[in-house]
Amino acid sequence: MERIVDLATWPRADQFRLFRRYARPHFATTARVDVTHLMTAMKLAGHSPFRACIRAVGAGLHAVPELRMRARGGTVMEHDRVELSITVPLPDGNFRYAYVPWLDDAAAFDALCRERIEAARAGGLNANAGGRDDLAYLSCLPWMDFTALDNALPGPEDCIPRVSWGRIVERDGRHAMAVAIQVHHALVDGRQVGQFFAALQAALDR
């Protein structure tokens, strides 16, 4: 489901009109989140840290309406739900894309996520050719504990959020990892990025 956002009543309409004219309207933010619960209680219970991170990122994205908004020219649409487009690593170092619809039920989402990941490994690249915007792009970089991250973007009109997370590190008995989110400034401000990180942390702590 999607709806048209009424620019006459939307509080960010002026910012939307300003930033959509920029040649480089995107900005990226990296912050560290605590994943101690994920790496202790959840991992001991048999949960996949990779899929648990996907689930937590999805919860964060769905908690913030602006992260589900997409610009189509001068029109803003808000999706009720977005699919999570995940980068799936292959043994030879290459990758494929999997698409996982968002489900509120954690167990059902985890099972579907596992199925889609396995299917992606057996298929082609399956990249979005630009025909869909009801997506969010997710990727894991377990090789590094990065401090900042930027993404390749096809152009200034692309407004699909990109979320990446890095290697999990342990310090003083706690586990943490870097998470980066890249968004379109015509739709999202720093306040909404902060709300995303708060919702992400809450999901990781559950």
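The values are calculated or read from the model by the stated rules, or taken from the named source; none is laboratory data. No experiment lies behind these values; they were computed from the predicted model shown. In this analysis, Cβ positions are derived from the backbone assuming ideal geometry, glycine residues included, and neighbour counts consider all displayed protein chains.
Which condition does L7 not pass, out of (1) closer than 15 Å to R162 by Cβ; (2) touching a residue at least 40 places away in the same chain (Cβ under 8 Å), if it passes all the others?
(1)
Test each condition in (1) crowded, with 17+ Cβ neighbours inside 10 Å; (2) free of Cβ contacts under 8 Å to residues at least 60 places away in the same chain; (3) more than 15 Å from C159 (Cβ to Cβ) for R68 and report the one that comes out false.
All conditions pass for R68, except number (3).
Just to be sure I understand the filter: pairs with C-beta atoms under 6 Å, separated by 6 or more residues or on different chains, first member in segment 182-194 and in contact (Cβ under 8 Å) with a residue 40 or more places away in the chain, second member of a type in the set (D, E, K, R). Which pairs pass?
So the pair list comes out as Q182/R162; A186/R20; L187/E66; V188/E66; Q192/E66.
Sort through R121, R51, R116 and tell me the only one that's in contact (Cβ under 8 Å) with a residue 40 or more places away in the chain and over 24 Å from P156 (Cα atoms).
Only one candidate qualifies: R51.
Take the residues in segment 161-192 that are over 26 Å from S48 (Cα atoms) and crowded, with 21+ Cβ neighbours inside 10 Å; name whichever of them is nearest to the chain's Cα centre (by Cα).
Among them, the one singled out is V183.
Does segment 11-48 hold any residues that are in contact (Cβ under 8 Å) with a residue 24 or more places away in the chain, surrounded by 14 or more Cβ atoms within 10 Å (Cβ to Cβ) and more than 26 Å from S139 (Cβ to Cβ), and which are they?
Within segment 11-48, R12, Q15, F16 meet the criteria.
What helices (runs of 4 or more DSSP H) completely inside segment 12-122 contain at least 2 residues that are touching a Ser or Thr at 6+ places or on another chain (Cβ under 9 Å)?
Those helices (runs of 4 or more DSSP H) span 106-121.
Taking segment 52-96 as the region of interest, how many residues are charged (D, E, K, R) and at pLDDT below 95?
Total satisfying the criteria: 1.
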